[in-house]
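Any read-out appearing in this document is the output of simple, stated calculations on the displayed coordinates, not a laboratory observation. Quantities reported herein were computed from a predicted structural model and do not represent experimental measurements. Every residue, glycine as well, gets a Cβ built from its backbone with ideal geometry; the counts of neighbours run over all protein chains shown.
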Amino acid sequence: MLYRRLGRTELEVSELAYGAARGASQDPHGFIATVHACIDAGINFIDSAAGYDGGNSERTLGEALAGQDDVLVETKYCPYESYRVGAAYVGDPAELVASAEESLRRLRRDHLDVFLAHGMRTLESLDRFMSDGCYEAMLGLREQGKVRFIGISELSEGDGTHEVLKQAVPSGAFDVVMLTINLMLQTAEETVIPLCGAHDVGTVVMMPLNQSSGRSGLTSLPAALELVRHYIAAGQLPDEPPYTDADLLEFLEPYPVPEAAIRYVLSHDVSTCCVGTRSPERLQANLRAIDSPYLDEQRLRRLGELFGRIRWQAF
Ligand SMILES: NC(=O)c1ccc[n+]([C@@H]2O[C@H](COP(=O)([O-])OP(=O)(O)OC[C@H]3O[C@@H](n4cnc5c(N)ncnc54)[C@H](OP(=O)(O)O)[C@@H]3O)[C@@H](O)[C@H]2O)c1
């Protein structure tokens, strides 16, 4: 495992991180086994959120991480009614503090390594978060030592061009961002990633497999071609060859699509690539992507030519 610097936090994080959003209540033993397999492989950064699986992600993670104080945990407070793009902003400083305290209790920790505002989706709600006491409450938690570093995650289904992070990063308010870049949605390449470099902000990549559903996503060749059809239907790609060709993604071989997708992310100047899986076998497959130089210039250029115009996160 190679480790990269998480911006100005100076934390050294494994280039593959684990996204613990799913599986805790469905199969707690499998979830714990996957977390332990991550640690055995050298993964030292795990992402969760107060809202994942009704708190069971954090609760089961707390159980899995007993005695594993070196593993860094990132978790989040969501200032919206739900994860839906149009959900109302309901940020409240007292609820933010209570949420962090609950996260500490469920995770069985005395501090959170990284604490994020979860899924910030409009500039208007970012402005509210910064001025209604929520951001100050985050600073207060950091001053008290309950949180080491603070950050913000975007909602790429609603903000595929990263307007929120383009405002948040230069403000200097956040140590870490969680952003989407994947081989279909490449917009961060020329916007957020260089901005984070300039402001020394740590970058945790989410949705490297395009937040796949069972049928569509960067999880297999048929699912990736189905994703391309979604983008064609949404007018983001032309309804013509090569997008309609069955061999569209053949140039990625010998890499399977998920491995190529993780290699694509790791080719960029990001701190860590966070992948969710409920299976130790698929974790092993994902670990095969940790192999510098990840993806050659020719494949990177072809991916840019094919998908660089996409401005929207489909799922
Ligand atoms: N706004 C936010 O802050 C936000 C939003 C979304 C996600 N996140 C975080 O980012 C993490 C990663 O995002 P994500 O899980 O949504 O998306 P993802 O990592 O892009 O996709 C995970 C999906 O891919 C499957 N998968 C993983 N490895 C695979 C492989 N080698 N072959 C085939 N399928 C594979 C998983 O299925 P199995 O589980 O069946 O293996 C799961 O369905 C999440 O866990 C969460 O922590 C944050």
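I want to check the label-to-label distance for residue 84 and residue 198. Put each point 7 Å from Cα in the C-beta direction and report it in nm to one decimal. Each label point is offset 7 Å from its Cα along the Cβ direction, giving 3.7 nm.
The string of couplings for segment 291-306 from the Karplus curve (6.51, -1.76, 1.60, θ = phi - 60°) is 7, 4, x, 6, 9, 6, 4, 5, 5, 4, 5, 4, 5, x, 4, 6 Hz, one whole number per residue in order, with x for Gly and Pro.
Counted by Cβ distance under 14 Å from residue 70, the other residues give a net charge of -2, where Lys and Arg count +1 and Asp and Glu count -1. In segment 13-307 the Cα-Cα distances spread across 10 Å bins starting at 0 as 6, 28, 35, 23, 7, 1 percent of all pairs. Measuring r between the beta carbons of residue 220 and residue 105 and using R0 = 35 Å, the FRET efficiency lands at 0.35.
Mind checking the angle between helix 257-266 and the chain's longest principal axis? C-alpha axes, 0 to 90 degrees, to the nearest 10. Rounded to the nearest ten degrees, it is 60.
With each label modelled as a point 7 angstrom along the Cα→C-beta vector, the residue 12-residue 285 pair spans 3.1 nm. What's the angle, to the nearest 10 degrees (0 to 90), between helix 134-143's Cα axis and the longest principal axis of the chain? Once rounded, the angle reads 70 degrees. Length available on full extension from residue 29 to residue 301: 0.36 nm per residue minus the Cα-Cα distance, which gives 93.7 nm.
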